[in-house]
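Written out below as structure tokens is the structure these notes cover.
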Amino acid sequence: MTNTEGIAIDAPFPWPRPPIDPPELYGWMRENRPITRVITRTGRPVWLVTRYDDVRAILADPRVSADSTRPGFPVLSPSAPDDLSLRSFLRMDPPKHTVFRKLLAKNFMVRRVEALRPAIQMLVDDTIDAMLASKDDPVDFVQAMALRVPSTVLSWVLGVREQDRRFFNQTTEDIFNHGDGTDAELVARSAAAFGKLLDYVSELAAERERAEDPGEDILGQLVKASREGSIAGKDVANACFLLTVAGHDTTASMTALGTYTLLQHPDQLAELRGDPELIPNAIEELLRYLTVVHLIVVRIASEDIEIGGTVIPAGEGIIPLNFSANRDDAHFPDAGRFDIHRKARDHVAFGYGIHQCIGQPLARVELQIIFETLLRRIPTLRLAEPVEQVPFKVWSPINGVFRLPVAW
Ligand code: HEM
């Protein structure tokens, strides 16, 4: 099978994708070959799982491992470091993984996150004030709004310096901007950015380790846990690295692509403006429809696993495609249609199972405040350039845009 862009199912994975939708081949696979072995651009075999029910089953299966030190673990990034000690709890199994979840859970509980609402509201209002006062023409919504809010909130909860925000925004962008792996310069820049961010978080961790009282924020909690011996010293920087990357680019991409999507659906946008109570449900639908965190969710079979009549052999990689699951018509009728009234809350945009996103309550509160305030305060917001000129991150494992020029 090839799709309209001429991509064959045996072409190296990941395949190119259109700006907002998943690769067309996912749809064909859901119908015809829902679980298929392909070869990655980095030369490893992986099993792609495309249907909603199968994706959830794989992510909940204890025979499926997230441990990236297992031989054969799928590597998708052409710039991934070879050093296997550079892994965070995202790439660990229980019982080690459970230690981190227990340690960090309290920071993301709904009650704790709700308490941040007034501060986040103030931040969003200040950010919009600054955007409205900007002399740039057009204004880049990614820098002016989408990145600013989540990266500032992250600096509060994690305990990174607010003034370093631009540095970690830029390095995160560079890490994921490795293209399809054929441009040596992009790949080298991506690998260098990985090193820079790791040096940065290692230095932050070292500073806290030197302090008598490491503090109450997440960084401080991690340092205390390493002093007590429940996690290793290197795990402090690795966890901090994960939270830095996972905690801002994701929400920023949802803000930018979500705004883009709403602007492309003016009737639904008008309805939301008229009835802000619809916003939380619209955000669930945006999460489903856009599935910004896409090719991060990778696993390996620790035993032979039979699923849907196919056996995935032990030691082979698995990619449960959450973007495909979220577009499965068998679970979300007419899944390719964006519909703010749809019941989408059981999407898998935050993953599923034990690695399901720990930061989702925070992401939801940030997105609710951002969209409610934006729609209310800038009702005339519009794209300032033709749609074809919007630079989408079509190769990044986190969907997004490099820039989103807007006016009002
Ligand atoms: C809209 C925004 C976000 C989306 C779409 C998103 C999506 C995801 C997904 C799909 C996973 C599962 C990965 C897997 O199973 O392999 C995940 C895990 C994770 N996310 Fe998020 N995320 C978002 C925001 C955040 C925020 C704000 C934080 C923290 C401040 C965060 C921290 C994490 C962490 C630490 C993990 C790893 C959890 C584990 O391995 O147990 N995320 N996220």
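Structure summary
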| read-out | value |
| --- | --- |
| Residue order, fewest to most surrounding Cβ atoms within 10 angstrom, among H97, H347 | H97, H347 |
| Distance between segment 123-178 and segment 373-408 - C-alpha centres, whole angstrom | 15 |
| Estimated FRET transfer efficiency when R0 is 41 angstrom, pair K106-A314 (beta carbons, to 0.05) | 0.70 |
| Of T310, T42, T255, the one that fluctuates the most in a GNM where the chain has Cα springs shorter than 10 Å | T310 |
| Computed [θ] at 222 nm, helices only, for the chain once each DSSP H run of length n ≥ 4 contributes -39500 (n - 2.57) | -14500 deg cm²/dmol |
| Tensor-based shape of segment 11-72 (alpha-carbon gyration tensor, a/c under 1.5 rounded, otherwise prolate or oblate) | oblate |
| Span from the segment 26-90 Cα centroid across to the segment 271-302 one, whole angstrom | 21 |
| Computed FRET value (nearest 0.05) for V394 with M122, which takes r as the C-beta separation and R₀ as 25 Å | 0.10 |
| Proximal lysines relative to K393, as straight alpha-carbon distance under 29 Å, when same-chain residues fewer than 8 apart are discounted | K135, K196, K343 |
| Hz values of 3J(HN,Hα) by residue in segment 9-17 - Karplus curve (6.51, -1.76, 1.60), Gly and Pro given as x | 5, 8, 6, x, 9, x, 8, x, 10 |
| Potential lengthening between E303 and A330 on full extension [0.36 nm per residue; Cα-Cα distance subtracted] | 6.9 nm |
| Residue-span extension gain [E207 to R377] - 0.36 nm each, minus C-alpha spacing | 57.1 nm |
| Stretch gain in nm, segment E31-R227, where the contour uses 0.36 nm per residue and the Cα spacing is subtracted | 65.3 nm |
| Centre separation in Å (Cα based) which lies between segment 180-208 and segment 317-342 | 33 |
| Debye, to nearest 20: dipole size of the chain, +1 on Lys, Arg Cβ, -1 on Asp, Glu Cβ | 660 |
| Interchain or long-range residues, amide H under 5 Å from V139's placed H | V406 |
| Values of log10 I(q)/I(0), in the order q = 0.09, 0.10, 0.11 Å⁻¹, for the chain under a Debye, Cα-only, solvent-free model | -0.54, -0.67, -0.83 |
| For F13, F402, order by how many other beta-carbon atoms lie within 10 Å, fewest first | F402, F13 |
| Whether segment 36-86 is rounded, prolate or oblate, judged on the alpha carbon gyration tensor where a/c under 1.5 counts as rounded | oblate |
| Loop trypsin sites (Lys or Arg not before Pro), segment 290-363 (other Cβ atoms within 10 Å of the site Cβ: 13 or fewer; DSSP) | R337, K343, R345 |
| Placed amide H near I318: partners under 5 Å, 5+ positions off or other chain | W47, R299, I300, A301 |
| Where trypsin sites (Lys or Arg not before Pro) fall in DSSP loop in segment 94-170, at most 14 other Cβ within 10 Å | K135, R161 |
| GluC sites (Glu not before Pro) within segment 154-257: DSSP coil, no more than 13 neighbouring Cβ in 10 Å | E212, E216 |
| Order of S88, S151 under a 10 Å beta carbon neighbour criterion, fewest first | S88, S151 |
| Over the chain, relative contact order from alpha-carbon pairs under 8 Å, at least 6 apart, % | 25 |
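FYI, it's all coordinate maths here, none of it is from the lab. No experiment lies behind these values; they were computed from the predicted model shown. Note: ideal-geometry Cβ built from the backbone for every residue, glycine included; neighbour counts use all protein chains shown.
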